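Trainee: Okay, here's the structure, questions in a sec.
Every number here is computed from the coordinates shown, using simple stated rules; none is lab data. Every value quoted in this text rests on a predicted model; they were computed, and no experiment measured them. Cβ coordinates were reconstructed from backbone atoms using ideal geometry, including for glycine residues, and neighbour counts include every protein chain displayed.
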Amino acid sequence: MEAQSFPNDPAERQPLSVVLTRLLAGNNPAKGRPWRVVEVCEKVEEVSSGRVTLSPKYLYALKSGVRDNPGPAILLALADVFEVSPGYLLEGKNNPAPGSGRRALEKALADERITKIVGRLAELSDGEKERALRVLNAFVQEDQEER
């Protein structure tokens with residue numbers, strides 16, 4: 001019998017250094033080229049309204065694997081900069097959902113229809129929420145496959 005692979009299987013996770021290297025190689029939308037370490041550090045401060053600072057030396061240590069356990073504030077700010085979920089930074093599994101960062105969430109919640117759905121979800125039990133989220137995920141996956 002073949003071993004079943006679970007999402008939390010450590011073998012599927014990628015180190016933060018690998019994930020950051022991939023994200024830094026991605027396109028900086030403001031510049032039209034890959035990110036530079038100093039640009040990411042400046043953007044972290046910008047998206048956090050100055051509450052989080054990240055030195056280029058520390059970001060390079062994260063990228064190179066010398067350091068691998070940033071605090072939650074840094075993770076949230078990096079997730080905002082790269083528009084990925086903090087979970088993607090920690091595990092690097094699959095591809096990050098485009099716009100899955102906090103800014104995308106805030107934008108989605110500005111839509112009255114989304115706010116109504118979220119409000120209704122809050123009224124459900126945990127089991128009902130889980131089932132509702134599975135249905136929503138199925139719709140999203142089907143929509144992405146059609147594109």
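Trainee: Report the extension gain between Ala25 and Ile114 in nm, rounded to one decimal, defined as 0.36 nm multiplied by the number of residues separating them, less their alpha carbon distance.
Mentor: Between Ala25 and Ile114, full extension yields an extra 28.8 nm.
Trainee: Just add up the charged neighbours of Trp35: K/R +1, D/E -1, any other residue whose Cβ is under 15 Å from the Cβ of Trp35.
Mentor: Neighbour charge sum, excluding Trp35 itself: 0.
Trainee: Whole-Hz Karplus ³J(HN,Hα) for segment 20-26, in order, using 6.51 cos²θ - 1.76 cosθ + 1.60 and θ = phi - 60°, x for Gly and Pro?
Mentor: So the Karplus estimates, Gly and Pro as x, are 5, 4, 5, 5, 5, 6, x Hz.
Trainee: Starting with the fewest neighbours, write out Arg131, Arg33 ranked by other beta-carbon atoms found within 10 Å of each beta-carbon.
Mentor: Ascending number of Cβ neighbours within 10 Å: Arg33, Arg131.
Trainee: Which far-off residues, 5 or more places away or on another chain, put their amide H under 5 Å from the one on Asn28, with H placed in the peptide plane?
Mentor: Hits under the 5 Å cutoff: Arg33, Trp35.
Trainee: Another question about this same structure. Along the Cα→Cβ direction, 7 angstrom out, place labels at Arg33 and Ser64. What is the inter-label distance in nm?
Mentor: Each label point is offset 7 Å from its Cα along the Cβ direction, giving 2.3 nm.
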